[in-house]
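**Student:** Got a structure for you, written out below as structure tokens; questions coming shortly.
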């Protein structure tokens, strides 16, 4: 086999390996989310205290994500991802073991920190594989994350239905997911820094380009968080539907996002990131308008489905653009990730506060306005759009003996 053929085979294998890591990462999130009620009861915290504790994952992620670049520089991309994904999967056992509020906050801080660092590392490798394949894969990778989250949620729902102890459930899940994640990392790209390359700073402000790209991600994640947490409430309170139909709306929104992400790479390859995100923003705005003016549950459900379709590929393309926007991809990706994590943190509470002051319909007017920002500022992604010309350095180096 020629060196080029060998290199292409290695890149294709690396693509599937990174996709598996994305799925493992999502499965941890899904496994945790389904057992939050058990964790609340075990820690003996009120709803307000639980809301406080659930802010700590985003805080931990925001603090730790800038460290991912220096870790990858010191140990190499493959070893760094292997260690970080193992820390993330093993951290799943911490929240369910917390006996009180203080312990729960500390556990969730560590939980978020490991999530954020592994998130940056796997997205950086995903962007590198995308560059070497010279075609879009980031949307599909995030689709695999959504698929993993659905699988983890399904397993967690079954465990909760059976009345199992979340400590046992999470211990078993952590063991399985750790093995799966570490095994998959054996085939990701083993990128090493150049001998004369300066190590990235441990803590640094994200570059300006990441701030602009992150603003689009902020709008998309705000819409995602609002829809995930409030779509069922919207149908129940605004349109007086049954609890089952309201829950089905949230499930439909999640499935729409997962399917759109898996299929999104073909659209990006054909039309480019800018036009895809611009069209996505328009679709999200149309969905928001259907939600706001809905007088029948079916109309609102269609609106939430369009919202999911519209925002699905935006965040993956923001990560891809960030990874190509400067000399330090990990720092740029960490900057975008910090902004999107912050958006996911504030969106549910912001929607609730605005709904309390006005109405839930007015809250989704805000979501619709922010969706306009996705379409309006899509041109920011042009600087990081993937070139159609294969670069001379796009080949993967042959493995070391």
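Read-outs: derived from the displayed coordinates by stated rules, not from any lab. Every value quoted in this text rests on a predicted model; they were computed, and no experiment measured them. As a convention, Cβ positions derive from the backbone with ideal geometry for all residues, glycine included, and neighbour counts pool all protein chains shown.
**Student:** Let me have the relative contact order for the chain, percent, based on Cα pairs under 8 Å that are six or more residues apart.
**Tutor:** Working: 700 pairs, mean separation 99.9, N = 401.
Value for the chain: 25 percent.
**Student:** Could you work out how much longer the chain between residue 134 and residue 47 gets when fully extended? Use 0.36 nm per residue separation minus the Cα distance between them, nm to one decimal. List each step's numbers first, then the result.
**Tutor:** Values: separation 87, 0.36 × 87 = 31.32 nm, distance 4.78 nm.
Stretched out fully, the residue 134 to residue 47 stretch lengthens by 26.5 nm.
**Student:** Give the span of segment 278-334's Cα atoms along each principal axis, as three whole-Å numbers ordered largest to smallest.
**Tutor:** 50, 17, 13
**Student:** How many nm is it between the label spots at residue 270 and residue 245, if each spot is 7 Å from the Cα in line with the beta carbon?
**Tutor:** Those two pseudo-labels are separated by 3.5 nm.
**Student:** Quick one: grab the alpha carbon gyration tensor of the chain, order the square roots of its eigenvalues as a ≥ b ≥ c, and give me rounded if a/c is under 1.5, else prolate or oblate depending on whether a/b is larger than b/c.
**Tutor:** On the way: a/c = 1.77, a/b = 1.26, b/c = 1.40.
Oblate.
**Student:** Taking 7 Å along the Cα-to-C-beta vector as the label spot, tell me the residue 356-residue 298 distance in nanometres, rounded to one decimal.
**Tutor:** 3.7 nm
**Student:** Quickly rank 252-261, 97-106, 58-67 as a protection proxy: mean count of other C-beta atoms within 10 Å, highest first. Intermediate results must be reported in sequence, preceding the final value.
**Tutor:** Details: 252-261: 20.4, 97-106: 16.4, 58-67: 22.2.
Ranking, from highest mean packing down: 58-67, 252-261, 97-106.
**Student:** Give me the one-decimal nm value for the distance between modelled label points at residue 171 and residue 33, 7 Å along each residue's Cα-to-Cβ direction.
**Tutor:** Taking the two extended label points, one gets 2.7 nm.
**Student:** Right, another one. Would you mind classifying segment 7-190 by shape? Square roots of the alpha carbon gyration tensor eigenvalues, ordered a ≥ b ≥ c; an a/c under 1.5 is rounded, otherwise it is prolate if a/b is larger than b/c and oblate if not. Write out the running numbers ahead of the final one.
**Tutor:** Numbers: a/c = 2.37, a/b = 1.74, b/c = 1.37.
Here segment 7-190 falls in the prolate category.
**Student:** Is the shape of segment 107-195 rounded, prolate or oblate, going by the alpha carbon gyration tensor and its root eigenvalues a ≥ b ≥ c, with a/c under 1.5 for rounded and a/b larger than b/c for prolate? Kindly include the intermediate steps, with their values, before the conclusion.
**Tutor:** On the way: a/c = 2.53, a/b = 1.89, b/c = 1.34.
Prolate shape, in that a/c is at least 1.5 and a/b is the bigger ratio.
**Student:** Using 0.36 nm per residue of separation minus the Cα-Cα distance, give me the extension gain between residue 106 and residue 16 in nm, one decimal. All intermediate terms of the calculation are to be shown ahead of the outcome.
**Tutor:** Values: separation 90, 0.36 × 90 = 32.40 nm, distance 3.41 nm.
Gain on stretching residue 106 to residue 16: 29.0 nm.
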